[in-house]
Amino acid sequence: AQPQFEIFEPQAGAEYAVDQEIVLSFRGSEFPKNDKRAELLLNKRKLRDLPLPKNDNEVFNVTLTGVKKGRHEFDVVLYYGDDPAKEEVLDVWGSFFFVGTETARLTTKIKEHKKKAGSKEWAADTLLTWLTSKGADVEKITLKEDKERGLGIFTNQAVRAGEVLAEIPFAATLGPESAAKNMYAEFLLTLYSDKDFPAQLTTAIHLILELQQEGAYMGKLLDTLPPHNDESLNLALGWDRHDHMRAVRLVPMFTKPVQAQQDFFDRGYERLWAVMDMHEKLFKKLKKAKKMPKLSLFTRGNMLWATSVALSRAWRCPNEPEVIADGYTHRPGLYRLVPPTDSINFLPFSHLPYPSVPRESFGHVVIIVNNTESKVRMIAYHDMAEGTQVFLNVGELTNMELLVQYGFINKPNLIDMELQYPSWVTGSWITGEDAESIGKGTESTNLNFIRMSLVAPGADPAHFIKELNVSVPEAMLKDEAKLTELRTAMDELFEAAIVLVPHGADTERKVCTQKTVEECEAAAASASKLVSDAEFVARSMMTYLGEEYEEIKAAWDGIRKVLGK
């Protein structure tokens, strides 16, 4: 058996205040019973010998005090051998932490921007004026507050399907062009051209450095961004361990996608320091010329915030053609933060608020990034009246996917709701892999439900027939009168089922593992928004919409009559 060390406190990239005690916690197992010793190194220098555990899985701690401000590496080195002069390094385990972080400074600076600008709508108007001065066409849109979703994009005139709502040149985006105007231009452009460094983290670093520059070129954009700990940035990569554990306990299916997103960030964050070493000669030259940023800016907290902004608000550029500017060839697939399109809210195409809202009150758009013309366009997907809020269609995503990837959920989400088939519908078989992806086990199974979105107002009756997997005459699919009759029956089924769906009201039953109602209510009151949203997802997944409800059974009978089954 190989000896193992687990360093579980602090986690890589942890942040500490100056003069704060730092406790390093280790656990060891599978040690050889003789001829071994271990050392703790801090910043490559021996700090002290480590007491090896007498028993497997014994935890031991080392307390540090007086550690100076900065990034610090610590390593556990295990030695093996009879003779100290000839002993060999058996293995090395390492991690790092920060002391005296810049998180507070960054947060304060964002708040200062907002205070100077006034309200969010005031800041948004200033942003639109600045964009116009940079050659953008934003005459057909305005930015206003949406009580549910924050700042949103609205039309200020009627538009037709296919019409360009806004056109923004690359020069007015957070990308390589604006990086060239930053005081740390050469450092940023080196990262933008590095094909091995995660593109989202390059955008994050650029954003942090814009915040550090007085009179920043992208300052008007900064005024509209959410600050640290804003609920709109509740992506899985930033969940703390306590909320993570509670959310996963409520919805076990969170485990894999949450871990994948957090692993992506951890790998990218470690890669940042490898890039520093790879370009060491250049960066030393920049530091001497005072054109190199302080590395203490890139704390884990700052990078989590900035990466969350990039993942939820930036657009990925096409791989081709390559963009060459300021002597640098930009890496394929880089990300751009494009005002004002970063303020667009997301809405699945089949989602309708309930009680139902007139279809004309919202519309969908398409975002196109054109490397050849160096422009980003927002195009109307369908006709929209003046005052319509525009949304980006993120596809048929469940609330679980929305919460992990974007940090929000829809209440209700009609893609979550499973409407059970009646007994006269046979259903269809799906593979074990597909079944696992939707939480239906790991073996091939009969899919005996449809999403509520398939019977929602505006859903296609012909598509509904195909999803039911029932045979009907081909002529029925082209018979407008018959499809209209089926549409009416679908509306009755929707109305019968939707009243049973959780809608996020304060009076709803809470998912709770406590023993008493009082404890449950107390836990719900103290829960973070993340946990509350996870509870809502769990309630939705437990909702059963079957023939046991007389109204639903009667509505299915109406559909069966129309189909002649």
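In order along the range 496-502, the Karplus-derived 3J(HN,Hα) couplings, from 6.51 cos²θ - 1.76 cosθ + 1.60 at θ = phi - 60°, round to 5, 8, 5, 5, 8, 8, x Hz, and Gly and Pro are given as x. For a test of the definition: using alpha carbon positions, the gyration tensor, and the 1.5 limit on a/c, classify the range 132-178 as rounded, prolate or oblate. Taking the square roots of the gyration eigenvalues as a ≥ b ≥ c, the range 132-178 is oblate. Here the 3J(HN,Hα) profile of the range 364-374, calculated from phi with Karplus coefficients 6.51, -1.76 and 1.60 at θ = phi - 60°, is 10, 10, 10, 9, 10, 9, 10, 5, 5, 8, 6 Hz, Gly and Pro shown as x. Pairs exceeding 30 Å between alpha-carbon atoms, taken from Lys256/Lys553; Lys144/Lys411; Lys290/Lys375; Lys195/Lys290: Lys256/Lys553; Lys290/Lys375.
On the basis of the beta-carbon distance and an R0 of 30 Å, Glu73 and Lys529 show a calculated FRET efficiency of 0.30. With a Förster radius of 60 Å applied to the beta-carbon distance between Lys44 and Glu139, the computed FRET efficiency rounds to 0.55. These residues, Met476, Met183, Met218, go from largest to smallest accessible area, 1.4 Å probe, as Met183, Met476, Met218. The amide H of Leu47, built 1.01 Å from its N in the peptide plane, has Leu40, Leu41, Leu42 as neighbours under 5 Å, considering only residues 5 or more places off or on other chains. Taking 0.36 nm per residue of separation and subtracting the current Cα-Cα distance, fully stretching the chain between Val89 and Lys290 would add 68.4 nm. For the range 154-250, GluC sites (Glu not before Pro) meeting the loop criterion (DSSP other than H, G, I, E, B) and having at most 11 other Cβ atoms within 10 Å: Glu214.
The values are calculated or read from the model by the stated rules, or taken from the named source; none is laboratory data. For clarity, every value in this text was computed on a predicted model and none was experimentally measured. Every residue, glycine among them, receives a Cβ derived from its backbone with ideal geometry; neighbour counts consider all protein chains shown. Surface areas here come from the heavy atoms of the whole protein model, side chains and all, with no ligands, DNA or RNA. Shrake-Rupley method; radii C 1.70, N 1.55, O 1.52, S 1.80 Å.
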